[in-house]
Amino acid sequence: MIEMPLLSVESLNKTFGRQVACRDVSFELWPGEVLGIVGESGSGKSTLLNAIAGRLSVDSGKVLYRTATGQITDLISASDAQRRHLMRTEWGFVQQHARDGLRMGFSAGANIGERLMAIGQKHYGNLRDTALDWMQAVEISPERIDDLPRTFSGGMQQRLQIARNLVTHPRIVLMDEPTGGLDVSVQARLLDLLRRLVQEHNVAVIVVTHDLGVARLLAHRLMVMRRGEVVEAGLTDQLLDDPQHAYTQLLVSSVLSV
Amino acid sequence: MSQEMIRVENLGKTFTLHLRGGIALPVLRDTSLSVAAGECVTLHGPSGAGKSTLLRSIYGNYRPQQGRILITHDGHPTDIVGAIPRVVLDIRRRTLGYVTQFLRVIPRVGTLDIVAEPLLARGAPAEHARTRAAELLSRLQIPEKMWNLPPATFSGGEQQRINIARGFCADYPILLLDEPTASLDDRNRKIVIELVDDARRRGTAIVAIVHDADTRAAITTRLLPMEAVGVAA
């Protein structure tokens, strides 16, 4: 086992006016680990994700990230340039709505190639070959490489967004309801794909979802949030099969079968 | 004497049902157990005696409030009660297998891959894992034409046998069996009994729950009688 966490979040606090979005949230994420954050709408899970990614200012707390070169960087106090660089190279962010995470005016191939270009790859032939490989990896026909994402179905767009994020082999990927809004059959395919890619590339993931079935399938461990606070955390099957907190018991008992 | 593989000490587990006014259901109290390599200990007692709760606690699935459960992992006793998720997952990947009668189906993954997965996760070469998975599926009489299909649409008995194949594929040093032969026909039950016996002779430490008396008699080397915990006076 590698003996160092990739990410340590320490006492993160965020309020919107008098509304508490995150209260004293702390956790660690280890290489290759998939952490699920569950809770109903308004529980603060998406705010937490955006705060970790530096898309949102926080009131207090630290987000300590161990970079590929072994330095510990606090993303909260890091400069915008430093943070942007890490987000582009070592991090990925998969949005719930693919159109927010894709460049809709650019071809599928360009969407995959963009992050590679951002880290200095310029050879057109190589970029195109890599894009073709990734389209296959996410089960989109390579013939569609020059098409605009808006001509894709919702499921295809989401798979393209995943390819766009994973192409630079990030060490951490954050996902906000990655299967939300997709048909059940499309969800199953996406979940299976995500599960496989995450395993193959040994990437650490924080996935926000309100779907406990998705959490069961993808996450090694879970944090349950309510009103900005983590009420319970632990191994995924422990939480779902032996929930201790009243709110977790309510969540688990509210679904038909997970 | 064979190496001790599981040591349960003074385990206590109470379920608190917050949605039912916080009612407390004590299920285990002061439960202790030791299982050595090459033993098959069967938990025996009426419904509600806490057999499944004990088995799930040993697997790290349920979280007891008292006591400890030492699992011999990499040659060292490791307490799975309260262990952090990474440690529990590592124990499960390399030491501890759990077989129930219910297969948790993963969308789109074929039968052979489902069975081979635990062995792959232990680091075996893909070819070896698939060969071993094929042997087990053949032995459990799953027709070869089904091996590449995801088992979602298979019958209950077929899914159960696939789950058994999956549980035995990785040759874990410890196996937990929760009603592995329930709803199997005689012929398949006999095959499972042979699998359990083979594993035990190879030195696997086994804890089982088996309701069928003949199967129990066939696999058990020692019984652990269990009784329902009364509400404390």
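The values are calculated or read from the model by the stated rules, or taken from the named source; none is laboratory data. This is a predicted model, so every value here is computed, not measured. Quick reminder, even Gly has a Cβ in these numbers, built from the backbone with ideal geometry, and neighbours come from all protein chains shown.
Scan region A:137-154 and give yes if some residue there is under 22 Å from A:LEU6 (Cβ atoms) and either more than 13 Å from chain B (Cβ to nearest Cβ) or surrounded by fewer than 22 Cβ atoms within 10 Å (Cβ to Cβ) (or both), otherwise no. Step through it out loud before you land on a result.
First, the residues of region A:137-154 that are under 22 Å from A:LEU6 (Cβ atoms): none.
No, that holds for no residue.
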Going through region B:69-88 in order, the residues found to be closer than 20 Å to A:ASP241 by Cβ and either away from every other protein chain (no Cβ under 13 Å) or without any contact (Cβ under 8 Å) to a residue 24 or more places away in the chain (or both) are B:ILE69, B:ILE71, B:ASP79, B:ILE80, B:GLY82, B:ALA83, B:ILE84, B:PRO85, B:ARG86, B:VAL87
Flagged pairs (Cβ under 6 angstrom, 6 or more apart or on separate chains; first in region A:22-47, touching a residue at least 40 places away in the same chain (Cβ under 8 Å) and within 11 Å of chain B (Cβ to nearest Cβ); second among the basic types (Lys, Arg) and in a strand (DSSP E or B)) are A:LEU35/A:ARG221
(1) facing chain A (nearest Cβ under 10 Å); (2) closer than 26 Å to B:SER32 by Cα all hold for B:PRO107 apart from (2)
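Checking the condition part of a strand (DSSP E or B), among the hydrophobic types (A, V, I, L, M, F, W, C), surrounded by 22 or more Cβ atoms within 10 Å (Cβ to Cβ) and touching a residue at least 40 places away in the same chain (Cβ under 8 Å), which residue from B:VAL35, B:VAL41 passes? Give the derivation first.
Values: B:VAL41 fails: surrounded by 22 or more Cβ atoms within 10 Å (Cβ to Cβ).
Matching residue, one of B:VAL35, B:VAL41: B:VAL35.
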Selection from region B:132-169 of residues farther than 22 Å from B:PRO107 by Cα and among the small types (Gly, Ala, Ser) yields B:SER138
Open item on the list: Taking the criterion of being touching a Leu at 6+ places or on another chain (Cβ under 7 Å), at pLDDT 95 or above, more than 19 Å from B:ARG56 (Cβ to Cβ) and surrounded by 16 or more Cβ atoms within 10 Å (Cβ to Cβ), would at least one residue in region B:113-128 satisfy it?
Closed with: yes
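Is it the case that B:ARG222 is over 15 Å from the mean Cα position of the chain (by Cα) and over 19 Å from B:ARG7 (Cβ atoms)? Don't jump to the end; show me each part of the working.
Numbers: over 15 Å from the mean Cα position of the chain (by Cα): yes; over 19 Å from B:ARG7 (Cβ atoms): no.
No, not satisfied.
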Subset of region B:1-32, residues surrounded by 15 or more Cβ atoms within 10 Å (Cβ to Cβ) and small (Gly, Ala, Ser), comes to B:GLY12
Does region A:224-235 contain any residue that is within 9 Å of another protein chain (Cβ to nearest Cβ) and touching a helix residue (DSSP H, G or I) at 6+ places or on another chain (Cβ under 6 Å)? yes
For region B:168-176, state whether one or more residues are part of a helix (DSSP H, G or I), touching a Leu at 6+ places or on another chain (Cβ under 7 Å) and either of a type in the set (Phe, Trp, Tyr) or in contact (Cβ under 8 Å) with a residue 40 or more places away in the chain (or both). yes
From the option list B:VAL192, B:VAL229, B:VAL196, B:VAL207, single residue qualifying as of a type outside the set (D, E, K, R) and part of a loop (DSSP other than H, G, I, E, B) is B:VAL229
Checklist entry - Is it true that some residue in region A:176-184 is assigned to a helix (DSSP H, G or I), touching a helix residue (DSSP H, G or I) at 6+ places or on another chain (Cβ under 8 Å), in contact (Cβ under 8 Å) with a residue 12 or more places away in the chain and more than 9 Å from chain B (Cβ to nearest Cβ)? => result no
Does B:ILE162 satisfy being touching a strand residue (DSSP E or B) at 6+ places or on another chain (Cβ under 6 Å), under 30 Å from B:ASP74 (Cβ atoms) and either crowded, with 18+ Cβ neighbours inside 10 Å or hydroxyl-bearing (Ser, Thr, Tyr) (or both)? no
In region A:118-150, anything over 17 Å from A:LEU193 (Cβ atoms) and part of a loop (DSSP other than H, G, I, E, B) is listed as A:ILE119, A:GLY120, A:GLN121, A:LYS122, A:HIS123, A:ILE145, A:ASP146, A:ASP147, A:LEU148
Of the conditions (1) crowded, with 23+ Cβ neighbours inside 10 Å; (2) of a type in the set (A, V, I, L, M, F, W, C); (3) within 14 Å of another protein chain (Cβ to nearest Cβ); (4) under 25 Å from B:LEU17 (Cα atoms), the single one that A:LEU194 does not satisfy is (4)
The condition from (1) modelled with pLDDT under 95; (2) surrounded by fewer than 22 Cβ atoms within 10 Å (Cβ to Cβ); (3) within 13 Å of chain B (Cβ to nearest Cβ) that A:HIS245 misses is numbered (1)
Given (1) without any contact (Cβ under 8 Å) to a residue 40 or more places away in the chain; (2) within 14 Å of chain B (Cβ to nearest Cβ), A:ALA215 misses just (1)
| task | Could you tell me whether region A:44-65 includes any residue that is surrounded by 22 or more Cβ atoms within 10 Å (Cβ to Cβ), farther than 22 Å from A:HIS210 by Cα and under 14 Å from the mean Cα position of the chain (by Cα)? | result | no
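Filter region A:1-24 down to residues that are surrounded by fewer than 16 Cβ atoms within 10 Å (Cβ to Cβ) and touching a strand residue (DSSP E or B) at 6+ places or on another chain (Cβ under 8 Å), then give me how many there are. Before the answer, list the steps.
Just the residues of region A:1-24 that are surrounded by fewer than 16 Cβ atoms within 10 Å (Cβ to Cβ), to begin with: A:1-4, A:11, A:15-19, A:24.
If we keep only those that are touching a strand residue (DSSP E or B) at 6+ places or on another chain (Cβ under 8 Å) too, we end up with A:4, A:11, A:15, A:24.
Total satisfying the criteria: 4.
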